[in-house]
Amino acid sequence: MKQDEVGLEEVIRQRIRSLRLARGWSLDALAARCHLSPSTLSRIETGHRRIALDQLVPIARALDTTLDQLVESPDDEDVVIRPQPARQRGVTTWLLSRESTLQGVTVAKMRITPERQTPPGHLGVHPGKEWFTVLSGTANLRLGERTILVEAGQAAEFSTMVPHAISAHGGPVEILTIFDHDGKRAHLHPTDDDPTA
């Protein structure tokens, strides 16, 4: 077995043990949930038994994680994200997450200036939910017929099936936002003829 495989297997063993202990489970409790004997699970955690794929799948499921997360290499990438600004009419966006690590959820910082205007009747709608917090300034959140001012230090969460738009109120606003897959597609990759862009 190669040295890097031994290192990864040790990381997997530590993850199994740490996740089990974080839930306050004994070896017996986890073993019952993944249909292994407590002695087999103990030998897996301590390195006295090789880890087999057919054992990892039920262990991952019992620990409420995925096989991919359990076996991902700790040295895959640099942990520091170096966001590059993307600019379009009245909005600068910095992506602060990697899609692969957040299962389709994107975290972004946005700076919105008053030049971004959404014409009446052109509010966005897409499946899902959206969340943002205001870092500085005041955001003007339009939800259907309502207009809500969200100030620095406040947050908003809403269904994106309600027609919506976020703009700046009285000067630039900076927000930290979380988009699901549909929200990212709607807000970060709008078409050129989309008036809400």
Filter result for residue 147 (polar (S, T, N, Q) and modelled with pLDDT of 95 or more):
no
Conditions (1) farther than 30 Å from residue 177 by Cα; (2) at pLDDT 90 or above; number of the one not met by residue 22
(1)
Which residues, counting only those in the stretch 127-166, are in contact with a Leu (Cβ under 9 Å, 6 or more places away or on another chain), without any contact (Cβ under 8 Å) to a residue 40 or more places away in the chain and in a loop (DSSP other than H, G, I, E, B)?
144, 152, 153, 162
Residue 20 surrounded by 14 or more Cβ atoms within 10 Å (Cβ to Cβ) and free of Cβ contacts under 8 Å to residues at least 12 places away in the same chain
no
Residue tally, condition aromatic (Phe, Trp, Tyr) and assigned to a helix (DSSP H, G or I), over the stretch 20-44:
0
Search the stretch 82-102 for residues being modelled with pLDDT of 90 or more and aliphatic (A, V, I, L, M), and hand back the single one that is surrounded by the fewest Cβ atoms within 10 Å (Cβ to Cβ).
86
Enumerate the pairs (first residue in the stretch 32-59 and of a type in the set (Ser, Thr, Tyr); second residue anywhere and not in a helix (DSSP H, G or I)) with beta-carbon separation below 7 Å, excluding pairs fewer than 6 apart on the same chain, so at least 6 apart or on different chains.
40/49
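The values are calculated or read from the model by the stated rules, or taken from the named source; none is laboratory data. On a predicted model such as this, the values are computed, not experimentally measured, just so you know. We place every Cβ from the backbone using ideal geometry, glycine too, and count neighbours over all the protein chains shown.
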